[in-house]
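Working notes for the structure below.
What follows draws every value from the coordinates through simple rules; no lab data is involved. If you're wondering where the values come from, they're calculated on a predicted model, not measured in any experiment. Don't worry about glycine lacking a Cβ; one is built from the backbone with ideal geometry, like all the others, and counts go over all protein chains shown.
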Amino acid sequence: MAISNKTRKILWAQSGNLCAICRRKLVFDPTQADAESVVGEECHIYAQSARGPRFNPSYSAEQIDSLANLILLCANDHKRVDDQFQLHTAEWLQTKKAEHAKWVEEKLAEPAKHPMMRIVRTRANVPQKMDRISSGKILLNLAMQCHSSNTDYDDDLDDTETELVAGFLQDLHDYREIAGDVDMSEHIKITRSLNTRLRELEEKGFYFFAAVEDARIEGGERPPHPWMIFHELVTRATNPKILWEGESNDSTRG
């Protein structure tokens, strides 16, 4: 059996192009040089095989790929719920899915009192290259000034590399969300932790690159105002797109 096109369409529609857990966007707009990026994953609540998380032997082949057994998640949450399946049980995922579908339905039903908010990007402001970041302090300061992120990484990661890269990116996203609400002592601890994680990446042959894009947000009750997008990339040190412009000015083209 396989997931049918009809089931896929219903699943994406009910989720509103958002992760059912963190509610981050699952399709990102194209850039000047690249096509759209799809980061949403159609995840099984009960696993397909006995070796998978939350396997239920009473589930038939038809039920495995049915809408009732699927939830739409971002890549980070998909890995997290499958790695920690004792915490993220089938019942927990079913509840999250139902709550999210209800939330999407309610949001769509709300009357449009103000023009819909949208992020306006200009081609000239889309970063054509990103700088290599090896300092936790610089990384955190860059990330904190941004309102959203655009994440990229190598496609051919093995299981160990996936755990390393996903763990680093998840930590960075979590730190970015809380950094503005902690005191200086905790802020310094965060930068030290990021220093350690950056070194771990480099020891395993990966570099981290970043750039900030100036955009703006329009609509809603407020007048247009700046919206900063944090572009982040974890890639192997052997990536041929890396340009060497000096020992302290490494960069990569997107």
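In this structure, Arg199 does not satisfy being of a type in the set (Lys, Arg) and either touching a Ser or Thr at 6+ places or on another chain (Cβ under 7 Å) or buried (at least 18 other Cβ atoms within 10 Å of the Cβ) (or both). Does Ala215 count as hydrophobic (A, V, I, L, M, F, W, C), in a strand (DSSP E or B), under 17 Å from the mean Cα position of the chain (by Cα) and on the phi < 0 side of the Ramachandran plot? It is false that Ala215 is hydrophobic (A, V, I, L, M, F, W, C), in a strand (DSSP E or B), under 17 Å from the mean Cα position of the chain (by Cα) and on the phi < 0 side of the Ramachandran plot. In the stretch 81-90, the condition of being over 19 Å from the mean Cα position of the chain (by Cα), β-branched (Val, Ile, Thr), loosely packed, with under 12 Cβ neighbours inside 10 Å and over 30 Å from Asn195 (Cβ atoms) is met by no residue. Listed by position, the strands (runs of 3 or more DSSP E) inside the stretch 31-150 whose residues that are of a type outside the set (Ser, Thr, Tyr), touching a residue at least 12 places away in the same chain (Cβ under 8 Å) and farther than 30 Å from Glu218 by Cβ number at least 2 are 40-44, 70-74. When the stretch 161-191 is filtered for residues that are free of Cβ contacts under 8 Å to residues at least 40 places away in the same chain, farther than 23 Å from Val38 by Cα and not charged (D, E, K, R), the ones remaining, listed by number, are Tyr175, Ile178, Ala179, Gly180, Val182, Met184, Ser185, Ile188. Considering each residue of the stretch 24-31 in turn, none proves to be at positive phi and basic (Lys, Arg).
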